[in-house]
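Undergrad: One structure follows; several queries about it will come next.
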Amino acid sequence: MRLLLLAVPATLLLASNVGAQSSNYPPPDTSASIATVQVTAPFRLSDDETEAVTGLYAMSNGWRLKVGEAATGIVAEIDRQRPIRMIPVSADKFVSRDGNVTMDFNRGENRDEMVMTYVPDQRLAVRYVITATLAQR
C-alpha cells in the first residue's frame, strides 16, 4: 500500500514535466497565415547576361512568355497578363519577390530552353513545372 501511495505523486510529477516540455511549441492555428522570407545576396546582371535571357518563349502548355529587361532584373509577361518582376539569383536563375515563381534560363543542349516553376495557391502544397523553348529574340 505504501508503494502505491508513493507511485501516485511520482506519476503526477512526470505528467507535469511532459506538459511543460510540449508547451514550448505554439498550438496549431489553422486561421493564421504562414509568412516566408527569402534572403539572397544581390546579383548584378551584365548587359550580355540580360540579353541572353530576353525574348519570346513558346511554353509547353501553349502559353507565350515574353521576357524583357528591367532595372533590377527582368520582367516576364505571360499571354498579356500582369507582368511579373523577377530578381536575378544567378546569371541564369530568377525568382519573383514573393518566391512563388522561379525561372531557370539557358538550359538544354543549345541553351535555348527555360524551366519555370510556380505555386498557383499558397494554401496548397502544389508547384507546377513548365518548360519553354526560345522562339524569338
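Undergrad: With θ set to phi - 60° and the Karplus curve 6.51 cos²θ - 1.76 cosθ + 1.60, what are the ³J(HN,Hα) couplings of segment 113-122 in order, to the nearest whole Hz, using x for Gly and Pro?
TA: 10, 9, 10, 10, 10, 8, 9, x, 8, 5
Undergrad: List the relative contact order of segment 90-134 as a percent without decimals, with contacts defined as Cα pairs under 8 Å and 6+ residues apart. Spell out each step's value before the answer.
TA: On the way: 74 pairs, mean separation 12.4, N = 45.
With pairs under 8 Å counted, the relative contact order is 28 percent.
Undergrad: Explain nothing, just the number: relative contact order of segment 47-136, from Cα pairs under 8 Å at least 6 residues apart, as a whole percent.
TA: On the way: 182 pairs, mean separation 21.1, N = 90.
Computed over segment 47-136, the figure is 23 percent.
Undergrad: Further question: From the phi of every residue in segment 52-61, what ³J(HN,Hα) in whole Hz does the Karplus formula 6.51 cos²θ - 1.76 cosθ + 1.60 yield, where θ is phi - 60° and glycine or proline is x?
TA: Listing the rounded values in order: 5, 10, 6, x, 10, 10, 9, 8, 5, 9 Hz.
Undergrad: Here's a follow-up. Going by amide H atoms built from the backbone, whose H comes under 5 Å of the H on A70, apart from near neighbours?
TA: V75
Undergrad: Separate question: If we restrict to alpha carbons, what Rg and Dmax does segment 47-136 come to, in Å?
TA: When restricted to Cα atoms, segment 47-136 yields Rg and Dmax of 12.3, 38 Å.
Undergrad: Something else about it: Using amide H atoms built in the peptide plane, which far-off residues or other-chain residues are under 5 Å from D92 H to H?
TA: none
FYI, it's all coordinate maths here, none of it is from the lab. This is a predicted model, so every value here is computed, not measured.
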